[in-house]
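Notes follow the structure.
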Amino acid sequence: MSYRFFSIIPPGLESTLETELLNFLSAPSSSKIRKEIGGVSFTASLQEGIMLLEKLRTPSKILLRLGTKKLRRMKDIESLFNRANLQKLFPAQSSFSIDVYSQKSTLRGDIIKSKSKRILKALFPQNKNPSYLLQLRVNENQGVLSVQLNDGPLYKRGWRDRQGKASLRENLACALLILCNWKPNQPLLDPFCGSGTIPIEAYRMACDLPTRLSPQRNWTTLLPLKQHTVPPIKFKTKPLLIFGSDQEEQAILMSEENARKAAALIHWHKSPVEDVHMSHTNGVILTNPPYGLRLGKNVDSVYRKLGQLHQHTLPSWNLFFLTPHKRLAKLVNSNVVSIARFPQGGLWVDLYYAPQHAKP
Ligand SMILES: C[S@@+](CC[C@H](N)C(=O)[O-])C[C@H]1O[C@@H](n2cnc3c(N)ncnc32)[C@H](O)[C@@H]1O
């Protein structure tokens, strides 16, 4: 039996999740992969959808769609739940919480929520653990009922005990690596590495290490999957040319500690961006320089120095960097182009690209 899933990623990055799905689905041509705003939907067996929880590196959540219906009157909510046939999918002692989002619709979100809770109480009176998180999204009266497969955000990998104030989410680091088309046989450098997110995720992705240090739990109790077991994961660690540097000693110590936990072999250096030296050629610089917003600092010189590093020290490398300000991006190189725009930490940021200045 096949189901429809919806995997979530910030709007603007859907193509990276689509790339991953094309790579991991066993029959991508018949999976009806469809980009939607803020995610990608696809068809797969329940078992395969759940396996993807362990494989995909770019989504923050994966939802299993249980039913859709036009919701104009209260009784429509009841028929949506009846159609979804929850008692077949979940154990009788299950309990549920439900998030409701309603926009441009006749029925208000709080009303839909209290009605849904009453329906669930009647369907599952025992109401014990395990508990599942349902989501009912209503847009222009069209209701979509889903259950979240992951029990915690998928970007929490389990290796990051310590992080800086402006660190990048782990799934976004993977999405950026896909966008800049970095290949493991190329050198990679993050000269503003902070807690080490980009180098560590690059290493784990390149070596095909498990996405998280411990697998997701909640889904194992979904009824049809009682016999499901996660297949053993092959470990392939490799010596790779992955570099992270930062001017702050604390950042390097934090990166080293995180990398140890993540089993990632990275070359870390404490260095301001202007002092970075590298003998390798044809690499990729992928980085997230400070935006200057939090401390109200002028960071113009940091962006100029990144431009100089690219032009004078690493001219054969391709440069990709994130910033919310076009003006700062132009200080790096007046010819930069934005190749993606997405929300991050409450701001819209662009991933800018500056091609290599010269072949080695
Ligand atoms: C936005 S944070 C990077 C966050 C990182 N991507 C992460 O996920 O943790 C920017 C980093 O740039 C470093 N930095 C600021 N100015 C620098 C400079 N001139 N040279 C090198 N590093 C610098 C800061 O210490 C900070 O760790």
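Details
- Cβ separations smaller than 7 Å between residues 6+ apart or across chains give the following pairs from segment 241-265 residues that are assigned to a helix (DSSP H, G or I) and polar (S, T, N, Q) to residues that are open to solvent by 50 Å² or more (accessible area, probe 1.4 Å) and within 14 Å of the ligand (Cβ to nearest atom): Asn258/Arg162.
- Qualifying residue in segment 101-123 (condition: in a loop (DSSP other than H, G, I, E, B), open to solvent by 50 Å² or more (accessible area, probe 1.4 Å) and touching a Lys or Arg at 6+ places or on another chain (Cβ under 6 Å)): yes
- When segment 202-219 is filtered for residues that are within 16 Å of the ligand (Cβ to nearest atom) and small (Gly, Ala, Ser), only Ala202 remains.
- If the condition is being within 17 Å of Trp182 (Cα to Cα) and either in contact with a helix residue (DSSP H, G or I) (Cβ under 6 Å, 6 or more places away or on another chain) or buried (at least 20 other Cβ atoms within 10 Å of the Cβ) (or both), then segment 338-360 contributes Ala340, Leu351, Tyr352, Ala354.
- Of all residues in segment 150-170, those that are of a type in the set (Gly, Ala, Ser) have Cβ atoms under 6 Å from Cβ atoms of residues that are modelled with pLDDT under 95, 6 or more apart or on another chain, in Gly158/Arg212; Gly158/Leu213; Gly158/Ser214.
- Per-region count, segment 324-348, residues on the phi < 0 side of the Ramachandran plot and in contact (Cβ under 8 Å) with a residue 40 or more places away in the chain: 7
- Checked across segment 272-292, the condition of being part of a helix (DSSP H, G or I) and among the small types (Gly, Ala, Ser) holds for no residue.
- Within segment 262-274, tally of residues that are more than 8 Å from the ligand (Cβ to nearest atom) and either under 12 Å from Phe192 (Cα atoms) or open to solvent by less than 90 Å² (accessible area, probe 1.4 Å) (or both): 8
- Among the residues making up segment 283-299, those that are modelled with pLDDT of 95 or more and more than 9 Å from the ligand (Cβ to nearest atom) are Gly283, Val284, Ile285, Leu286.
- Segment 163-174, subset open to solvent by 10 Å² or more (accessible area, probe 1.4 Å) and near the ligand (Cβ under 7 Å from one of its atoms), residue farthest from Ala259 (Cα to Cα): Ala166
- Restricted to segment 23-50, and to residues there that are hydrophobic (A, V, I, L, M, F, W, C), open to solvent by 20 Å² or more (accessible area, probe 1.4 Å) and more than 16 Å from the chain's Cα centre (by Cα), the residue that is modelled with the lowest pLDDT is Ala27.
- Checking Lys75 against (1) open to solvent by less than 40 Å² (accessible area, probe 1.4 Å); (2) part of a helix (DSSP H, G or I); (3) over 30 Å from Trp348 (Cα atoms), the condition it does not meet: (1)
- Filtering segment 157-178 for residues that are at pLDDT below 90 and polar (S, T, N, Q) leaves a non-empty set.
- Enumeration of residues in segment 175-201 that are part of a helix (DSSP H, G or I) and within 12 Å of the ligand (Cβ to nearest atom): Leu176, Thr197, Ile198, Pro199, Ile200, Glu201
- Tyr132 being under 22 Å from the mean Cα position of the chain (by Cα) and open to solvent by 80 Å² or more (accessible area, probe 1.4 Å): no
The values are calculated or read from the model by the stated rules, or taken from the named source; none is laboratory data. This is a predicted model, so every value here is computed, not measured. Quick reminder, even Gly has a Cβ in these numbers, built from the backbone with ideal geometry, and neighbours come from all protein chains shown. Note: accessible area is taken over every heavy atom of the protein model, side chains too, but ligands, DNA and RNA are not part of it. Shrake-Rupley method; radii C 1.70, N 1.55, O 1.52, S 1.80 Å.
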